[in-house]
Amino acid sequence: MKNIKLKVNGMHCQSCEMLIRDMLEGNKAVVSASADLKKKTVTVLFNDNKISTEELRKMIEDIGYKPE
Ligand SMILES: [Cu+2]
């Protein structure tokens, strides 16, 4: 299990937070996810045997946000 906090640019409102959270939590390797618009962070607890940090970043990018 691994817990990461990514800096993510491009979130504008609460829907953005929910979109990112729901998208990540829709992946079976993700235990929990949360996004914070004000801090520009996305926190993810995930099974690192099944998915990598790089893949998570890519998933966030694929829906239009910009992980640093
Ligand atoms: Cu938004």
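In the chain, what percent of the accessible surface is made up of carbon and sulfur (1.4 Å probe, ligands and nucleic acids excluded)?
Numbers: 2140 of 4350 Å².
Ligands and nucleic acids excluded, carbon and sulfur give 49 percent.
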Would you calculate the volume per residue, in Å³, of the smallest convex hull containing every Cα atom of the chain?
66 Å³
Sorted by chain and then number, the residues having a modelled amide H within less than 5 Å of the amide H of V31, at least 5 places away or on another chain, are L45, F46, N47
Gaussian network model of the chain, springs between alpha carbon atoms under 10 Å - residue of E17, E25, E54 with greatest fluctuation:
E54
What angle do you read, to the nearest 10 degrees and between 0 and 90, between the alpha-carbon axis of helix 14-25 and the longest principal axis of the chain?
10 degrees
Taking only protein heavy atoms into account and a 1.4 Å probe, give the accessible area per residue of the stretch 2-67 in Å².
62 Å²
Considering only the other residues whose Cβ falls under 14 Å of the Cβ of K2, what net charge follows from Lys and Arg at +1 and Asp and Glu at -1?
0
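Could you tell me the relative contact order of the stretch 1-50? Use alpha-carbon pairs under 8 Å, at least six residues apart, and round to a whole percent.
Numbers: 80 pairs, mean separation 23.5, N = 50.
RCO, the stretch 1-50: 47 percent.
The values are calculated or read from the model by the stated rules, or taken from the named source; none is laboratory data. Note that this is a predicted model, so its numbers are computed, not measured. Please note: Cβ atoms are built from the backbone with ideal geometry, for glycine as well, and neighbour counts cover all protein chains shown. Remember, those area values only see protein heavy atoms, side chains included, never the ligands or the DNA or RNA. Shrake-Rupley method; radii C 1.70, N 1.55, O 1.52, S 1.80 Å.
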